[in-house]
């Protein structure tokens, strides 16, 4: 390579380094501007309602939703409660039977080997 070619390459390398530094500075400046804009946006944003305002709103919405619920009549409640109690009793009896069966099998095995 000749001296002129070496100088040309060196100048190109310097130009590309300067371009990269300029781009980095521009990116940094734009980031700082966007941070400032975000801070200003937070200041301008409407504030969240207070605790009591939010609680009052929640209670009003709760009341309107509770009006939409279809409530059971007393006979329906008694009928369904009876069904639940019978199912619980049936499952309890099944568990008791299997427990007694397992207990008697285990006792028989212990007596067989002792």
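Please treat every number below as a calculation from the coordinates, not as lab data. Keep in mind it's a predicted model, so treat the numbers as computed, not measured. All Cβ positions, even for glycine, are placed from backbone atoms using ideal geometry, and neighbour counts span all protein chains on display.
What FRET efficiency comes out for the pair residue 83/residue 48, r = Cβ-Cβ distance, R0 = 35 Å, nearest 0.05? The calculated FRET efficiency here is 0.15.
As a rough footprinting exposure proxy, the listed residues 113, 98 were ranked by other beta carbons within 10 Å of their own, and the order from fewest upward is 113, 98.
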